[in-house]
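As structure tokens, the structure follows; a few thoughts come after it.
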Amino acid sequence: MTIVEQLQERATAGEAPRRAPGRRSAVAPVVVLVVLACLPYVSLPLPGVLPGLVNSPGSMQLLALCLVFGGIALSYDLLFGRTGLLSFGHALFVAAGSYTAALALAQPGAGLAGAVGLAVVVGIVLPLVVGAVALRVTGIAFAMVTLAFAQAGSILVLRNPGGATGGEEGLPLHPDGLPGLLVGVVNAPYRYWLALAYLALCWAVVAWLVRSRAGHVW
């Protein structure tokens, strides 16, 4: 065997261990996603963790809320975990999107697609405006600027201008603009699957961004 062949054999032998972790990392999220998707069919109690059976309406609603917060945590990790920017105003954007969707659904003839589209627009424009100011500073100053914006949003909501935000009571969700599968206690599994799809989308977007050229810079 020539020296070139020996080097090729060693290179080939060294590639296998490096590729295995990549395959495992790609399979693990799929397995987790399948397990989570099957939870509405699981009729088992988890005392101390869930209020009833796993597929009971209360448990499904609680798990759906956890999945939504999981998506929020992923977006926060993208900001703080990748760039080191500690933001105290992350909830401002979540609240802005929620209030925008709720206010849009309260309008006659408004549908879910229009409300979500408007919330996405607000969720893009508002961070651009806040970022244009906050990103002029770094470190603790950045955290304080984002906190100031968040507190301003909180004060605005609590003052309930024109009765638009509902103050401390918040806003009721108008079900007229929602699909029937998302309304009612018996449809809790569908809301759970919707939240799971949202979390999966957040994970895919964050994974794509991290692997992009911009992600390497972050």
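Taking R0 as 25 Å, what's the FRET efficiency between Cys38 and Leu209 from their Cβ-Cβ distance, rounded to 0.05?
E(calc), rounded to 0.05, equals 0.30.
Please determine, in degrees from 0 to 90 and to the nearest 10, the orientation of helix 139-159 with respect to the longest principal axis defined by the Cα atoms of the chain, where the helix direction is its Cα long axis.
30 degrees
Based on the alpha carbons, how large is the Rg to Rh ratio for the range 162-204 when Rh follows Kirkwood?
Numbers: Rg = 13.9 Å, Rh = 12.5 Å.
Rg divided by Rh gives 1.11.
Stokes-Einstein at 25 °C, 0.890 mPa s, Kirkwood radius from Cα pairs: D for the chain in µm² s⁻¹? Could the numbers behind the result be given before it?
On the way: Rh = 20.8 Å.
In µm²/s, the coefficient rounds to 118.
May I ask for the angle, rounded to the nearest 10°, between helix 57-76 and the longest principal axis of the chain, with both axes built from Cα atoms and the value confined to 0 to 90°?
Result, in degrees: 60.
Taking all protein chains as present, what is the carbon and sulfur share of the accessible area of the chain, in % to the nearest whole number, probe 1.4 Å?
Numbers: 10040 of 14120 Å².
Answer for the chain: carbon and sulfur cover 71 percent of the accessible area.
Projecting each Cα onto the charge dipole of the chain (Lys/Arg +1, Asp/Glu -1 at the beta carbon, about the Cα centre), which of Thr83, Ala197, Pro172 comes out farthest on the positive side?
Farthest towards the positive end: Thr83.
Per-residue ellipticity at 222 nm for the chain, helices alone: DSSP H runs ≥ 4 residues times -39500 (n - 2.57), over residue total, nearest 500 deg cm²/dmol?
-23000 deg cm²/dmol
Compute for the range 25-116: radius of gyration divided by Kirkwood radius, i.e. Rg/Rh, restricted to C-alpha atoms, rounded to two decimals. Could you put the intermediate results ahead of the total?
Working: Rg = 17.2 Å, Rh = 16.2 Å.
Rounded to two decimals, Rg/Rh equals 1.06.
Would you kindly calculate the mean projected area, averaged across all directions, of the convex hull enclosing the Cα atoms of the range 100-185, in square nanometres? List each step's numbers first, then the result.
Numbers: hull surface 29.2 nm².
Mean projected area of the Cα convex hull: 7.3 nm².
Taking only protein heavy atoms and a 1.4 Å probe, what accessible area per residue, in Å², does the chain have with all protein chains in place?
Per-residue value: 65 Å².
Give me the dipole magnitude in Debye, nearest 20, for the chain about the Cα centre, with unit charges on the beta carbon: positive for Lys and Arg, negative for Asp and Glu. Working shown, then result.
Numbers: 11 positive and 7 negative charges, 104 e Å.
That gives the chain a dipole magnitude of about 500 debye.
The values are calculated or read from the model by the stated rules, or taken from the named source; none is laboratory data. Source: prediction; values computed, not measured. Note that we place each Cβ from the backbone using ideal geometry, even for glycine, and neighbour counts take in every protein chain shown. The area values use the complete protein model at the heavy-atom level, side chains included, leaving out ligands, DNA and RNA. Shrake-Rupley method; radii C 1.70, N 1.55, O 1.52, S 1.80 Å.
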